[in-house]
Amino acid sequence: MADTIWLAVQALPPAEWLRESMLAYLLMNATHIVGLGLLLGCILALDVRLLGGFASVPLASLAQFLSRMAAAGLLLAVASGVCLFMVNAPAYVQNNAFLAKLGLIAVALANVLFLRRRRHWALGTCPAGRSHQSARTPACTALSTALARRRSGWALDRVHLKQQLLSGREWSVPALDC
């Protein structure tokens, strides 16, 4: 029954359109990469600040701006990622790199929720103007999961490339990163 669901997802009109139009697929993949870049760039800058870097920059205003920009990047990456997933849904749900990436995304989102609920996040700093110790562990977690998610994306790229090379068929639209 699960296979039927994923085949139905793959048969949806947006998935068919992305498979048929190389330009549409290219633009969707580029949108996904832009969303990931925005998300990861903001996370990196904020985490470096939470770990003590850029101490002269006020954490409260930086955190507010970067959090909003990261959320925009997340929305862009998720929306485009879902579209890219639909192109080859049955293969992705059986791919260990893809499943690992989903698990890492869940850990990252839980980490964000944990950090946002901390009292010191609302205050932005501890009395001395430094980031609070309670924000440093989530910052390290965010950095490590971001790197691991990127690594699982590269694994997806290699799996797809290997499948294309071994098949001997003409190149199809690749689902490079979802």
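The values are calculated or read from the model by the stated rules, or taken from the named source; none is laboratory data. Everything quoted here is computed from the prediction, not taken from an experiment. Areas reflect the complete protein model, heavy atoms only, side chains present, ligands, DNA and RNA absent. Shrake-Rupley method; radii C 1.70, N 1.55, O 1.52, S 1.80 Å.
A few notes on this one:
- Taking all Cα pairs closer than 8 Å and separated by 6 or more residues, the relative contact order of the range 1-94 comes to 46 percent.
- Solvent-accessible surface (1.4 angstrom probe) belonging to L44, in square angstrom, nearest 10: 90
- Solvent-accessible area of C83 with every protein chain in place, 1.4 Å probe, in Å² to the nearest 10: 30
- Each of I33, I105 has its accessible area taken with a 1.4 Å probe; listed largest first, they run I33, I105.
- Most to least accessible of S67, S56, S80, S61 (protein chains only, probe 1.4 Å): S56, S61, S67, S80
- Accessible area (Å², 1.4 Å probe, nearest 10) - T4: 90
- Accessible surface ranking that places the most exposed of V93, V34 first, with a 1.4 angstrom probe: V34, V93
- Calculated P(r) of the range 1-111 - Cα pairs past 24 Å, %: 38
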